[in-house]
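The values are calculated or read from the model by the stated rules, or taken from the named source; none is laboratory data. The model shown is predicted, which means the values in this text are computed figures rather than measured ones. As a convention, Cβ positions derive from the backbone with ideal geometry for all residues, glycine included, and neighbour counts pool all protein chains shown.
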Amino acid sequence: MKHLLHPALLLGLAVPGAAGGANLDIEVQNLTAGTYFAPLLISAHSPDLHLFQTGEAASAEIQAMAEGGDLAGLVTLTSGNGADNSENPAAGPLAPGMSVSTSLTTEEGNAVLSITGMMVPSNDGFVGLDGWMIPTAAGSYVVYLNGYDAGTEANDEVRGGGAPGTPGLPVLPFFQDEIGQNGTGVTDAESNSMIHVHPGHLGDALADGGGSDLDNRLHRWLNPVAKLTLTVN
């Protein structure tokens, strides 16, 4: 039986967790038209661990993931806490409209599921799921995931670095030719320095110059940005 869970139910969802361990089949689908997900981390872990929390400042590990797609810190954090991880299940970026499937066998106590992955292109945007309680009842569950802003960098929408603290859109190897250049920037400040729901991109129609290096016909998006299908066996 498939259970459809509305995004609003993600916080405080009262579903018994898989405290005794579970065999999980997981599919993540990119729902956007022109945004990639840099390598994803899918982690089943204990409820007392959070990869991120809205309204809280981003950790160094979240900042590295959200600004440059670097999962190393989050992998170290979760592994050190006994999590069961699927790191980079797509073996690279997950393209728009595409899906990736993976499986996890969770250890006792790893009762919640979290997902993170940088949204490309973005300054510090990421697709995320924070500590969602894994159901114990066998069946298929669908959850729609939002895009979040790490709050660590202004969303200037211009080509830049990629290292934490370096302004600008990271030009990752797989995405060098899909954005413009010489944009002046749509902003130079971040009004909310806490992790929050991403406001989306503005973009413009100019490949050279203008305010943004993003294409407003391709790189704009609205939430939700991903679909999670979890099958508990």
If Ala91 satisfies every condition in (1) more than 18 Å from Ala163 (Cβ to Cβ); (2) in contact with an Asp or Glu (Cβ under 8 Å, 6 or more places away or on another chain) but one, which is the exception? (2)
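Okay, residues lined up against (1) modelled with pLDDT under 95; (2) within 29 Å of Ala189 (Cα to Cα):
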{"site": "Leu71", "(1), (2)": "no, yes"}
{"site": "Thr78", "(1), (2)": "no, no"}
{"site": "Ser86", "(1), (2)": "no, no"}
{"site": "Ala91", "(1), (2)": "no, no"}
{"site": "Ser99", "(1), (2)": "no, no"}
{"site": "Glu108", "(1), (2)": "yes, no"}
{"site": "Val112", "(1), (2)": "no, no"}
{"site": "Ser122", "(1), (2)": "no, yes"}
{"site": "Ile134", "(1), (2)": "no, no"}
Across (1) in contact (Cβ under 8 Å) with a residue 60 or more places away in the chain; (2) of a type outside the set (A, V, I, L, M, F, W, C); (3) out of contact with any helix residue (DSSP H, G or I) (no Cβ under 9 Å at 6 or more places or on another chain), Tyr148 clears everything bar (3)
Working only within the stretch 201-216, note down all residues that are without any contact (Cβ under 8 Å) to a residue 40 or more places away in the chain and part of a loop (DSSP other than H, G, I, E, B). Ala205, Leu206, Ala207, Gly209, Gly210, Asn216
Taking the stretch 162-183 and keeping residues free of Cβ contacts under 8 Å to residues at least 40 places away in the same chain and surrounded by 15 or more Cβ atoms within 10 Å (Cβ to Cβ) leaves Val171, Gly180, Gly183
Could you identify the single residue in Ala14, Ala58 that is out of contact with any Leu (no Cβ under 8 Å at 6 or more places or on another chain) and modelled with pLDDT under 95? Ala14
Pairs returned, first residue in the stretch 86-107 that is on the phi < 0 side of the Ramachandran plot and buried (at least 16 other Cβ atoms within 10 Å of the Cβ), second residue that is of a type in the set (Phe, Trp, Tyr) and not in a strand (DSSP E or B), beta-carbon separation under 7 angstrom, 6 or more apart or interchain, are Pro93/Phe174
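Among the listed residues Leu113, Leu129, Leu94, identify the single one that is under 15 Å from Thr35 (Cα atoms) and touching a strand residue (DSSP E or B) at 6+ places or on another chain (Cβ under 6 Å).
Leu94
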Can you tell me which residue is nearest to Val232 (Cα to Cα) among those in the stretch 45-62 that are touching a residue at least 24 places away in the same chain (Cβ under 8 Å) and in contact with a helix residue (DSSP H, G or I) (Cβ under 9 Å, 6 or more places away or on another chain)? His45
Complete set of residues in the stretch 84-139 that are more than 12 Å from Leu24 (Cα to Cα), part of a loop (DSSP other than H, G, I, E, B) and among the charged types (D, E, K, R): Glu108, Asp124
Applying the selection to the stretch 135-163, what residues are closer than 27 Å to His50 by Cβ and either aromatic (Phe, Trp, Tyr) or touching a Ser or Thr at 6+ places or on another chain (Cβ under 7 Å) (or both)? Ser140, Tyr141, Val142, Tyr144, Tyr148, Gly151, Ala154, Asn155
Only residues that are acidic (Asp, Glu) and surrounded by 13 or more Cβ atoms within 10 Å (Cβ to Cβ): list them for the stretch 184-206, please. Glu190, Asp204
